[in-house]
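These notes are about the structure you will find just below.
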Amino acid sequence: MKRALVTGITGQDGRHLSKLLVENGYQVFGLIRGQANPKAEMVLEENPAIEMIDGDLRDLSSLIAAVEQVQPDEVYNLGAISFVQLSFKQAELTAEITGLGVLRMIEAVRIVGGTDNNPIRFYQASSSEMFGKVRETPQTERTPFHPRSPYGVAKVFGHYTTMNYREAYGMHASSGILFNHEGPLRGLEFVTRKITNSLARIKLGLQNEISLGNLEAARDWGFAGDYVEAMWLMLQQEVPDDYVISTGEIHTIREFLDLAFEIAGYDSWEPYVRHDNRFDRPAEVDLLMGDATKAKEVLGWTPKVGFRELVEMMYESDLASETEKMRRNS
Ligand code: NAP
Ligand code: GDD
């Protein structure tokens, strides 16, 4: 039975990935930070086969202890401050966790090492946010980086650290440069889920409007369940490498609103959406569009869920859970 250690197991991707790994016959260990982290219970309810290990990406000794205890075949480093807007307000903490946290995690893997025949394989959750003010479209593994947020800067550090450990120590370390991926498990702070959840609440008469920032930004949105398969595939390759994971299709926030409101049975979203400059960013990423040709050719990976299906899935899930909450409260 293969053993995997997953940081960020309580996040969107951690929940999808741990499900996939258990289905693939792995024994899964999740790194959990803090005292009595309430999200750990939620993950265990979903997936009782997971074992939780204490540790924090700010604390190298806890990471070494976790790797020593688990003796993993594979480590997936998903833990981060991942909300771009928050990274402007907590830049130092973002550098500490999202940036230096990668160095600590991969250093723990290097120190513990695994056996010569079976070295520990490492996955780093890199991001399309590294492309920032994009130098070309679509973006590939060779497109230069130009990050536009403390989060993007920290991810560039983590990305180059992973590459450096691969080159300097011959480690099996790969980075997935993942474009935005969403789904019903997405945090409510991200724009897609904020829209589908607010829309469900508007439909049920629980809220009147949605406050949003820049509606002109365009993103290449895929489904998180598809993207975690790419993470796993990267670590099954003989040779470690970096891969762009994306759909190649872009939509603006405006287009997301068009489709979501149409699915919910409204003619127009305009009466329900208000601009609030608290959601504008000091520096914006206007457009991200990935070219995942390499992942298709080498990993055999392609996304399965399309844009309409994704928006429908998110709206239907929010409508069901908000209806259930209403029923319980009445
Ligand atoms: P997410 O839902 O925000 O989850 C982040 C996870 O990081 C949570 O489990 C959180 O744990 C954990 N974490 C935060 N600080 C930590 C610390 N000090 N030590 C250990 N763990 C810590 O993020 P996601 O959407 O699943 O994304 C997973 C990874 O992929 C992140 O690194 C993100 O930056 C990257 N990424 C995401 C996307 C995307 O579109 N989703 C695209 C590209 C890259 P708590 O429960 O304790 O807070
Ligand atoms: N969150 C949010 N809230 N974003 C808004 C809002 C709002 O009210 N209004 C407009 N936006 C715009 C943002 O300015 C941005 O251009 C776009 O919607 C997407 O914002 P997010 O959903 O917060 O995602 P992100 O693209 O900044 O970052 C996500 O994707 C990255 C990959 O490109 C995160 O998951 C990152 O962790 C990930 O690396």
(request) State, to one decimal in nm, how far the label point of ASP280 lies from the label point of HIS146, with both points 7 Å from Cα in the Cβ direction. (result) 2.1 nm
(message) Quick one: 3J(HN,Hα) in Hz for the range 98-114, Karplus 6.51/-1.76/1.60 with θ = phi - 60°, rounded, Gly and Pro as x.
(response) 6, x, 4, x, 5, 4, 5, 5, 6, 5, 4, 5, 5, 5, 7, x, x
(request) Determine the shape class of the range 244-325: with a ≥ b ≥ c the square roots of the Cα gyration tensor eigenvalues, call it rounded for a/c under 1.5, and otherwise prolate if a/b is greater than b/c, oblate otherwise. (result) oblate
(message) Given the C-alpha atoms of the chain, compute the convex hull and give its volume per residue in Å³.
(response) 133 Å³
(request) Report the far tail of the P(r) of the range 189-296, meaning the percent of Cα-Cα pairs longer than 24 Å. (result) 38 percent
(message) Between GLU249 and LEU86, what is the label-point separation in nm under the 7 Å Cα-to-beta-carbon projection?
(response) 3.0 nm
(request) Mind pulling the angle between the C-alpha long axis of helix 191-203 and the longest principal axis of the chain? Nearest 10 degrees, somewhere in 0 to 90. (result) 40 degrees
(request) Rounded to whole Hz and in sequence order, give me ³J(HN,Hα) for the range 268-280 from the Karplus expression 6.51 cos²θ - 1.76 cosθ + 1.60, θ = phi - 60°, writing x for Gly and Pro. (result) 8, 8, 4, x, 10, 10, 10, 7, 9, 5, 5, 9, 7
(message) At q = 0.11, 0.14 Å⁻¹, what log₁₀ I(q)/I(0) does the range 1-116 have when each alpha carbon counts as one equal point scatterer in the Debye sum?
(response) -0.34, -0.55
(message) Explain nothing, just the number: dipole magnitude of the chain about its Cα centre with +1 on each Lys and Arg Cβ and -1 on each Asp and Glu Cβ, in debye rounded to the nearest 20.
(response) 480 debye
(message) I'd like to know which of LEU63, ASN77, PHE157 lies farthest towards the positive end of the charge dipole of the chain, counting +1 on Cβ of Lys and Arg and -1 on Cβ of Asp and Glu.
(response) LEU63
(message) For a protection proxy built on the mean count of beta-carbon atoms within 10 angstrom, sort 3-14, 52-63 highest first, please.
(response) 3-14, 52-63
(request) Treating the angle as unsigned and between 0 and 90°, give the value, to the nearest 10°, between the Cα long axis of helix 224-236 and the longest Cα principal axis of the chain. (result) 10 degrees
(request) Can you give me the three principal axis dimensions of the range 99-147 from its C-alpha atoms, in Å, biggest first? (result) 42, 23, 12
(message) How compact is the range 66-126 by the rule of thumb for globular proteins, expressed as Cα Rg over 2.2 N^0.38 Å?
(response) 1.29
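Values quoted throughout were computed directly from the atomic coordinates according to the rules given, and no laboratory measurement underlies them. As the structure is a computational prediction, the values presented were derived from the model and not from experiment. Glycine gets a Cβ as well: all are built from the backbone with ideal geometry, and neighbour counts include every protein chain shown.
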